[in-house]
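Worksheet for the structure shown next.
The values are calculated or read from the model by the stated rules, or taken from the named source; none is laboratory data. As the structure is a prediction and not an experimental result, all values here were calculated from the model. Counting neighbours? That spans all protein chains shown, and the Cβs are built from the backbone with ideal geometry, glycine included. Ligands, DNA and RNA are stripped out before the accessible areas are found, and what is left, the full protein with its side chains, is counted by its heavy atoms. Shrake-Rupley method; radii C 1.70, N 1.55, O 1.52, S 1.80 Å.
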Amino acid sequence: MKDSFYRDTWAEIDLDAISHNVSSLREFLGNDVNIMAVVKANAYGHGDVQVAKTALEAGASYLAVAFLDEALALRKKGMEAPILVLGAVRPEYINIAARERITLTVFQTEWLEQAALLYQETIPISFHLKMDTGMGRIGVKDEAETKRIVEMIDQHPYFSLEGVYTHFATADEVNTDYFSFQYQNFLRMLDWLPYKPCFIHCGNSATSLRFPEKVFNMVRFGISMYGLAPSPEIKPYLPYKLKEAFSLHSRIVHVKQLMPGEKVSYGATYTAETEEWVGTVPIGYADGWLRRLQHFHVLVNGTRVPIIGRICMDQLMVRLPEKVPVGTQVTLIGRQGDAYISIDEVAQYLGTINYEIPCTISYRVPRIFLKKKSIMEVRNLVLDGKGYV
Ligand SMILES: *Cc1c(COP(=O)(O)O)cnc(C)c1O
């Protein structure tokens, strides 16, 4: 689908990077392990359907999202691959899920009783049973309840247990004590089941990359599909090079010279000390470029230039080493020549994790999808003020 936009701020999503990250994992884990591409939250802010398609082409066979609406949105956009909803869905919506062939997570007897009562379809629906091995979020912990759930599913004419899974709380930490504790719990819990369902999975990105021998026959690949390390501390231990897919750009819309003593932005907190060149960039906190990034920097002509004064809702100002033409590209995340601002660097500056950064870049910022052959074509479209969305 082609769409146009007219603002000078956009994110570029390198689909070849996504493809590289998925096919590298496929090679690393071998063909016996199924890859579930985690595309919740609009694919961590990258664009759900484009990422989903790319991941499936590169070797993923299942998609995962957080809630039912995200799964339905993918169906609406034509995605036919199996989709697992990782979070809770109200039992009254089981019929919608069944009609759209969406797999639900089950973790409560009461929920299953309600769902069975409310089920009106005469088509099959699959479940993955979630075990709580120590994450303390959703999942069953009790042997009797586990057995009861499996029994109820098996007795229902249209329900089937397709998978069982758990989630680790510390797979991205160097210390593996708690990971091992949860893994042992999972092994013990699997023994409660009267049979092994088709898919058994416990691996997020960190687990998949660090403990490939412990992932059973499916992994849920999220953050590292987007080219990001699950945590700074395990970055040195990753088995292959990840490629970052997300970059963020804008263009200078106004350039002016300030005289000593002149001020910049709300609160007049910045005062020019000498004659300074200042550029205005049309991105602000409503785009997800948060006010706390005030003293951070961006790239202009391959060098880092500081953000000065308060970040506004839609605009910010930078101090330029010299006068530059209006229209000069600004890179907020990504590369300009040898200069590079990574998502990890932005996350570290904000005191948060890399996951949060692309998720925070709001819907106001159009995503442009780059593929090998189309890069030049798309760049020209950007120059024309048009892009793929
Ligand atoms: C989000 C999520 C994942 C993906 O984790 P990453 O660390 O991004 O790979 C996997 N499993 C569950 C249950 C999740 O909620």
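Looking only at the stretch 213-226, residues that are within 14 Å of the ligand (Cβ to nearest atom) and open to solvent by 10 Å² or more (accessible area, probe 1.4 Å) come to 2 in all.
Is it the case that V255 is open to solvent by less than 50 Å² (accessible area, probe 1.4 Å), in contact with a Ser or Thr (Cβ under 6 Å, 6 or more places away or on another chain) and among the hydrophobic types (A, V, I, L, M, F, W, C)?
Numbers: open to solvent by less than 50 Å² (accessible area, probe 1.4 Å): yes; in contact with a Ser or Thr (Cβ under 6 Å, 6 or more places away or on another chain): no; among the hydrophobic types (A, V, I, L, M, F, W, C): yes.
Here the answer is no, as V255 does not meet what is asked.
Per the listing Y270, Y237, the residue uniquely within 16 Å of the ligand (Cβ to nearest atom) and either among the aromatic types (F, W, Y) or outside the structural domain of E27 (by TED's automatic domain parsing) (or both) is Y237.
Mind checking whether some residue in the stretch 278-296 is part of a loop (DSSP other than H, G, I, E, B), within 16 Å of the ligand (Cβ to nearest atom), open to solvent by 10 Å² or more (accessible area, probe 1.4 Å) and not charged (D, E, K, R)? Show your work before the answer.
First, the residues of the stretch 278-296 that are part of a loop (DSSP other than H, G, I, E, B): 282-284, 288-290, 294-296.
The next check asks that each one be within 16 Å of the ligand (Cβ to nearest atom); those that pass are none.
Checked against the condition, which is being part of a loop (DSSP other than H, G, I, E, B), within 16 Å of the ligand (Cβ to nearest atom), open to solvent by 10 Å² or more (accessible area, probe 1.4 Å) and not charged (D, E, K, R), the stretch 278-296 yields no hits at all.
Residue by residue through the stretch 98-143, note down the ones that are acidic (D, E), within 24 Å of the chain's Cα centre (by Cα) and open to solvent by 60 Å² or more (accessible area, probe 1.4 Å). Break it down into steps so the answer makes sense when it comes.
Our first condition is that a residue be acidic (D, E); within the stretch 98-143, this holds for 100, 110, 113, 121, 132, 142-143.
Adding the requirement that they be within 24 Å of the chain's Cα centre (by Cα) leaves 100, 132.
Passing the criteria: only E100.
Close contacts from the stretch 33-52, counting a first residue that is farther than 18 Å from K76 by Cβ and assigned to a strand (DSSP E or B) and a second that is hydroxyl-bearing (S, T, Y) and away from the ligand (no atom under 14 Å from the Cβ), with Cβ to Cβ under 7 Å and a gap of 6+ residues or different chains, come to N34/S61; I35/S61. For the stretch 159-180, the set of residues classified as under 19 Å from E113 (Cα atoms) and touching a Ser or Thr at 6+ places or on another chain (Cβ under 7 Å) consists of S160, E162, listed by residue number. Among all residues of the stretch 103-110, there is at least one that is farther than 25 Å from L209 by Cβ, within 16 Å of the ligand (Cβ to nearest atom), at pLDDT 95 or above and aromatic (F, W, Y). Close Cβ contacts (under 6 Å, 6 or more residues apart or on different chains) running from residues in the stretch 190-210 that are under 22 Å from F179 (Cβ atoms) to residues that are among the hydroxyl-bearing types (S, T, Y) and more than 8 Å from the ligand (Cβ to nearest atom) comprise W192/T146; C202/T166. From the list Q329, Q294, the one residue that fits, being modelled with pLDDT of 95 or more, in contact with a Lys or Arg (Cβ under 8 Å, 6 or more places away or on another chain) and under 15 Å from H249 (Cβ atoms), is Q329. Considering the stretch 179-212, the residues that are within 16 Å of the ligand (Cβ to nearest atom) and in a loop (DSSP other than H, G, I, E, B) include one that is surrounded by the fewest Cβ atoms within 10 Å (Cβ to Cβ), namely F211. Considering every residue within the stretch 160-167, establish whether at least one is in a loop (DSSP other than H, G, I, E, B) and assigned by TED's automatic domain parsing to the domain that holds G203. Yes, because at least one residue in the stretch 160-167 is in a loop (DSSP other than H, G, I, E, B) and assigned by TED's automatic domain parsing to the domain that holds G203. Summed over the stretch 37-65, residues that are β-branched (V, I, T), farther than 16 Å from K243 by Cβ and within 13 Å of the ligand (Cβ to nearest atom) total 3.
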